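S.K.: Please read through the structure below; I'll follow up with questions.
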Amino acid sequence: MEFRDLKKQYQALKEEIDSQIFKVINASHYISGPQVAELEEKLAEYVGVRHCISCGNGTDAISLALMAWNIGIGDAVFVPDFTFFSSGECPAYEGAVPIFVDVDETTYNMDPQKLEEAIVEVINEGKYNARVVIAVDLFGLPANYDAIKPICEKYNLLLLEDGAQGFGGSLNHKMACSFGDISTTSFFPAKPLGCYGDGGAIFTNDDEWAALLRSYSVHGKSGENKYDNVRIGMNSRLDTIQAAILLAKLKAFKEHELKDVNKAADLYSEKLKDSGIKVPSFEAGYVSNWAQYTVQLPENINRDGIQLKMREMGIPTMIYYMKPMHMQGAFSGTRSSKANCPVTVQLCSKVLSLPIHPYMEEKDVEFVAETLMELVDKSVV
């Protein structure tokens with residue numbers, strides 16, 4: 001059993017993927033080929049924004065957004081404490097100070113009340129300029145933008161949606177990667193829409209920011225001339241083969257993959273209910289892409305022991321995430337380490353992510369669920 005079965009997906013989409021790859025090889029237009037512009041157009045249309053700018057990976061996407069906004073020394077950027085490292089790494093790399101915010105215990109996403117408390121605290125301290133909120137769509141579920149956006153407006157903060165895991169999710173029929181002033185995503189292979197290498201994209205409705213993002217992503221180029229450089233940028237491009245692969249996968253993603261992965265998630269939740277294992281849940285109006293299916297084990301259960309036994313039975317599991325952001329060694333001794341995030345600390349001790357993907361068969365979901373329940377019931381240590 002695979003955690004995210006890319007082999008099975010490839011076999012299902014082989015004809016279309018191979019055809020797209022060989023088109024690129026035959027044309028030998030490996031950088032900035034026509035498939036890149038075609039993909040950007042289709043992604044922007046799917047998300048419902050004016051501009052999509054592809055780039056090298058999801059981390060670069062966040063950095064490029066911060067560069068377009070001139071975020072740097074003296075600025076505070078608010079980031080959920082329960083997330084992948086790049087969400088906080090990027091503002092720190094630009095010289096800003098990540099301020100880590102606790103999350104909602106049920107959705108795993110940024111807690112709006114805790115966000116406002118953190119903003120007020122920074123403003124009262126008077127040491128940093130509160131500039132940006134990075135809201136992460138964790139595990140495929142859009143953050144609570146109905147509450148977060150008014151807070152950003154109240155304190156005049158820019159909103160960056162980190163949709164690295166969120167592409168395909170939605171809130172009240174509005175697609176993930178359309179909620180931020182700028183939004184980003186990742187096409188890392190294991191993502192719900194993934195390529196066969198690294199890749200990312202940035203979304204915005206702002207024409208000026210879109211032009212800046214394209215410039216910064218190609219060495220600070222002026223317009224379309226990459227040999228006339230008007231600012232210091234980076235080299236962050238999505239290559240043509242990756243774009244071609246994504247074109248093939250996007251079709252399947254829209255036609256059936258999103259629906260099929262939700263069926264697998266629904267079956268997990270049905271099987272695991274009333275087991276003492278807390279399953280993901282969210283309010284009506286939300287749709288997840290199920291980048292991860294993450295449960296919470298009961299208290300006093302040896303998670304390492306559960307993982308070991310499941311591995312012995314051929315079931316891969318993962319822990320996302322085992323350490324809060326504010327406790328990462330990279331932030332030790334900095335303002336970023338001074339965070340009060342008890343929910344995140346608790347989650348890091350008991351979350352467990354189970355295998356899930358659109359091509360997962362019912363019998364495999366049932367096997368994983370039944371095995372986990374049996375092990376928890378026996379309190380394996």
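S.K.: Please work out which residue is nearest to Ala190 (Cα to Cα), limiting yourself to region 331-366 and to residues that are among the basic types (Lys, Arg) and free of Cβ contacts under 8 Å to residues at least 24 places away in the same chain.
M.R.: Lys363
S.K.: Right, next: For region 367-376, which residues satisfy the criterion of being exposed (fewer than 14 other Cβ atoms within 10 Å of the Cβ) and in contact (Cβ under 8 Å) with a residue 60 or more places away in the chain? So that I can check it myself, show each step before the final result.
M.R.: The first filter runs over region 367-376 and keeps only residues exposed (fewer than 14 other Cβ atoms within 10 Å of the Cβ), leaving 370, 374.
Across region 367-376, the qualifying residue is only Glu370.
S.K.: Still on this structure: Of the conditions (1) in a helix (DSSP H, G or I); (2) touching a helix residue (DSSP H, G or I) at 6+ places or on another chain (Cβ under 8 Å); (3) in contact (Cβ under 8 Å) with a residue 40 or more places away in the chain, Val77 fails just one. Which one is it?
M.R.: (1)
S.K.: If you don't mind, another one. Could you list all residues from region 22-54 that are surrounded by 18 or more Cβ atoms within 10 Å (Cβ to Cβ) and outside any strand (DSSP E or B)?
M.R.: Of everything in region 22-54, those that are surrounded by 18 or more Cβ atoms within 10 Å (Cβ to Cβ) and outside any strand (DSSP E or B) turn out to be Val24, Gly33, Gln35, Val36, Leu39, Glu40, Leu43, Ala44, Tyr46, Val47, Val49.
S.K.: With respect to Ala248, determine if the residue is touching a His at 6+ places or on another chain (Cβ under 8 Å) and assigned to a helix (DSSP H, G or I).
M.R.: When the stated conditions are applied, Ala248 does not pass them.
S.K.: Which of the residues belonging to region 80-100 are outside any helix (DSSP H, G or I) and either among the small types (Gly, Ala, Ser) or over 18 Å from Val351 (Cβ atoms) (or both)?
M.R.: Result: Glu94, Gly95, Ala96, Val97, Pro98, Ile99.
S.K.: Residue by residue through region 142-196, note down the ones that are β-branched (Val, Ile, Thr) and touching an Asp or Glu at 6+ places or on another chain (Cβ under 9 Å).
M.R.: Answer for region 142-196, where residues must be β-branched (Val, Ile, Thr) and touching an Asp or Glu at 6+ places or on another chain (Cβ under 9 Å): Ile151, Ile182, Thr184, Thr185.
Read the figures in this text as sums done on the coordinates, not as results from a lab. Model, not experiment: these values are computed from the prediction. All Cβ positions, even for glycine, are placed from backbone atoms using ideal geometry, and neighbour counts span all protein chains on display.
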